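What follows draws every value from the coordinates through simple rules; no lab data is involved. All figures in this text were calculated on a predicted structure; none of them were measured in a lab. Here the Cβ is made from the backbone with ideal geometry for all residues, glycine too, and neighbour counts use every protein chain on show.
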Amino acid sequence: MRKSVYAFALILLLMFCLADAAMSQEKPIVLGAPLATAFLYGWDAERGIKLAADEINAAGGVDIGGKKRPFKVEVIDTRDLEPGVPVADALLAVEKLILEKKADFIVGGPVRSEAALAAMDLLNKHKKVSILTTGVLTPAYSKRVGENYNKYKYCFRNSSEVPAMMGDFMALLDDLQKSKGFNKAYIMVQDVAHARAGGEYMKKALSGKKWEVVDMKIYPTGTTDYSQGLIDSGKKGAHILFLWMDMPESAALLQQWSNMKLKSLPMGFMNAAEQPGFWKATGGKCEFMVVNLVNGGNAPAKITPWTMKFVEAYKKKWGLEPEGYGTSSSYMAVYQLKDAIEKAKTTDPDAVITALENQDLMGVYGRMRFDKKTHQIIHSWDPKEGAVTGMVQWQAGKRVQIFPPKVAEGKILLPPWMK
Amino acid sequence: MEILIYGIINSVILAFMALGFTLVYSIARVPNFAHGALYITTGYIAWVLLHKLTGFPYLLAIVIAISVTAVIGALIYRFILIRIRGMEISEIIATYAIGLAILEGLRWGGLRGGTFTLPHFIAGNVQIFGVSVDYQRLIIVGIGIVTFAALYLFTHFNKVGLALRGIAQDERAAMMLGIDSDMTAIVSLAIGSGLAGFAAILLLPLGNIIVEVGYNVLIFAIAVCVIGGLGSWGGTILASFIIGFAQILTEAFLSTHYQMVVALLAIIVTLLIKPSGIFGKQKELEERV
């Protein structure tokens, strides 16, 4: 009898201890991450978010008026980059994060522009602050915020957009025109909305700047043979192959370009060429390809003191270098939210919005400030002034930052057969 | 000249994509909608052997990958299709479900992104009449001609091949002559799957091993077979050349982004004008009745 009383008392004591431990842990702040996890821009964003959340939690969490609350990351697969998946599915995923997973904030996606634009109304409906970090390059996102601030004030984007990217490309092309005398471009894009828009945008931009766009080809998703276009570009004497594709098969384009030894320099926005494993996958045929990684820090570079710390932390946790567009911005979004919540001393959306609007943080890819009207990250070629791009060239197996000049670690190189 | 050269290459590539599908349908009368999944599986197995086992010989990796795919094909018939044989809708649903499970399983298991590739057999390019062509594409055309010839000889002069044709022509009569229908179907699924794998080994070095390619290969295989006539080998080759050249001509004279439309449009036109396909005989008889 006495033994059972002791045992009962011990169990009660244990239960009290456990309950006390649970009570002492503050309620986590839930970050909902709607991402297309089967695609680069989804899985690298997930890794960036989790890395940042782990670092913050390991350091004690988010300080809200003296109480430390941890971040809890809830990822949901929106599948919005898969062909044929309707936008409504991505919206359901976002709503599930808000209603079922009780997300306090949304970070990451949706990843496809159409889905992200449609989700803006949902964020307004549920009054959820969101920082868009990956996949969406359309200027329409920030434009909508600017045009209807009260409705879309919850939407922020900390990664670059098409006009800024085109400005980067144009500056690089101007340099090549001056230094090498290049003046003919051949545009090859994938048959998807953002790539076609990017191609058209570039065509227009180049045409007004003493460049001749000798042709523009649009390829269906899944194309593995680019020989006709490449042969044509050679015949027309193109100096630049401007590419805009997010399909993995575009690796074949670079292989064919390299095999044909075409006297043109490939550059552009190419999903497959962003990944660290691309060199091995193409057997080095991607050498000299210039890729826009949208934001700095998506490849090793010394942009700010934080950049290489982030790169090393990412390598330690995930076993490889930051992979491409969406990695550094997703990582930074968590730190931006932490900073804003701590300054607001609450998770109340309106207070956090004000804190984000007034934020001035030196991040992984430069000074992080949002435009107060459009909630778009302020872009710059100087990391002390704004967020800089990650323009790299594949050189001897490495992604070398070549632009903007203030953070470049190498010069742009031409293939030996172009000299 | 580049239209002619790349037209031939494109046509042989399409014929390779469709060959396994045609063989299985012509003999076992099974529309194998897992064809694209088996194609990608072979590429993935070869990739795993080459990249996870350091120094693994490429040729051995190819042999193992194709053999495993052939066995998978045989097992699909032995354990699943045998129970629903003759019920065409069920066969389509079952094989499509198997294909879906394989492809999405691979995606879930990590087959994502653009870094899964197989090396070219021989790297480099050659100029043919002033047109630059890489060796891999020339190898595809060469092996394609040999493969088509070998398959013809196999089905016309080999005992097993003759048995396969016998079943394809008249199953009941063949069974009366002692040919085992189920065993023949197992063999045809194994060979058809092996051919899908063989095509993968030849064609995947031109691009990447990705799940979406599996779906595309299935679409092209169906397009070629529908146009050529389901189960007709001659029709398959002819249809491959029609679509292959149509795509290249579209790219040269119209616009590159209509290439996929050409294949799908060809299916619709064929179904409207000659539903049995160019060389489709069986359906033609039904149509006459």
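Do any GluC sites (Glu not before Pro) in the stretch A:80-166 lie in a loop, going by DSSP, with at most 13 other beta-carbon atoms within 10 Å of their beta carbon, and if so which?
In loop regions of the stretch A:80-166 (DSSP not H, G, I, E or B), the sparsely surrounded GluC sites (Glu not before Pro) are A:100.
Under the 0.36 nm per residue contour assumption, what length would be gained going from the current alpha-carbon distance of residue A:64 and residue A:148 to full extension?
27.2 nm
So how tilted is helix A:305-318 from the main axis of chain A? Cα-based, degrees 0 to 90, rounded to 10.
70
Identify which of B:235, B:124, B:244 has the largest mean-square fluctuation in a Gaussian network model of chain B, with springs joining Cα atoms closer than 10 Å.
Of B:235, B:124, B:244, the Gaussian network model singles out B:124 as fluctuating most.
What number, in percent, do you get for the relative contact order of the stretch A:137-216 if the mean sequence gap of Cα pairs under 8 Å and at least 6 apart is divided by its residue count?
28
Figure the gain on full extension for residue A:408 and residue A:82 (residue separation times 0.36 nm, minus the Cα-Cα span) and round it to one decimal in nm.
113.9 nm
Of all DSSP beta bridges located in the protein assembly as shown, what percent are antiparallel, nearest 5?
Beta bridges within the protein assembly as shown, antiparallel portion: roughly 35 percent.
Where is the GNM fluctuation largest for chain B (alpha-carbon springs, 10 angstrom cutoff): B:28, B:223, B:149?
B:149
Can you give me the angle between helix A:87-99 and the longest principal axis of chain A, using Cα atoms only, in degrees from 0 to 90, rounded to the nearest 10?
Tilt of helix A:87-99: around 30 degrees.
Do any GluC sites (Glu not before Pro) in the stretch B:33-131 lie in a DSSP loop with no more than 11 other beta carbon atoms within 10 Å, and if so, which?
none
Peptide A:214-223: average number of partner chain Cβ atoms within 10 Å per residue?
If you average over the peptide's residues, the count of other-chain Cβ atoms is 5.
Please list the helices of chain B that count as membrane-span-like by this rule: a mean Kyte-Doolittle hydropathy of at least 0.5 together with Cα atoms stretching 20 Å or more along the helix axis, each helix being a complete DSSP H run.
Counting only whole DSSP H runs, the qualifying helices are B:2-28, B:35-52, B:58-79, B:88-108, B:135-157, B:181-203, B:211-228, B:233-253, B:259-273.
Enter the mean number of other protein chain beta carbons within 10 Å of the beta carbon of each residue in B:106-116, as an integer.
6
How high is the FRET efficiency from residue A:312 to residue B:258, r the C-beta distance, R0 60 Å, rounded to 0.05?
Approximately 0.80, to the nearest 0.05.
Around residue A:36, what is the net charge, scoring Lys/Arg as +1 and Asp/Glu as -1 over all other residues with Cβ under 13 Å from its Cβ?
Working: positive: A:79, A:112, B:107, B:112; negative: A:44, A:46, A:77, A:80, A:82, A:89, A:114, A:246.
Result for the local shell: -4.
Among B:131-143, B:31-43, what's the highest-first ranking by average C-beta atoms within 10 angstrom per residue?
Ranked from most to least packed, the peptides come out as B:31-43, B:131-143.
Select from A:284, A:297, A:319 the residue whose mean-square fluctuation is largest in a Gaussian network model of chain A (Cα-Cα springs shorter than 10 Å).
Answer for the Gaussian network model of chain A: A:319.
Across the residues of B:207-215, average count of Cβ atoms on other protein chains within 10 Å?
What the average comes to for B:207-215 is 5.
From the P(r) of the stretch B:59-122, could you give the percentage of C-alpha pairs in the tail past 14 Å?
Counting every Cα pair in the stretch B:59-122, those more than 14 Å apart make up 71 percent.
Taking chain A as the reference, fit the longest principal axis to its C-alpha atoms, fit the long axis of helix A:251-260 to the helix C-alpha atoms, and give the angle between the two in degrees, 0 to 90, nearest 10.
Orientation of helix A:251-260: about 30 degrees from the principal axis.
Under Stokes-Einstein, with the Kirkwood radius over Cα pairs standing in for Rh, what whole-number D in µm²/s applies to the stretch A:31-184 at 25 °C and 0.890 mPa s?
Using the Kirkwood radius from Cα pairs, D works out to 146 µm²/s.
Do any of A:27/A:128; A:72/A:309; A:50/B:52; A:101/A:125 go past 20 Å between their Cα atoms, and which?
Over 20 Å apart, Cα to Cα: A:72/A:309; A:50/B:52.
When a/c reaches 1.5 or more, the comparison of a/b and b/c decides; with that in mind, is the protein assembly as shown rounded, prolate or oblate per its Cα gyration tensor? Don't skip to the end; give the middle numbers.
On the way: a/c = 2.20, a/b = 1.40, b/c = 1.57.
Oblate, since a/c reaches 1.5 and b/c is not below a/b.
Between the stretch B:87-139 and the stretch B:202-220, what is the separation of their alpha carbon centroids in Å?
Computed from Cα coordinates, the inter-centre distance equals 3 Å.
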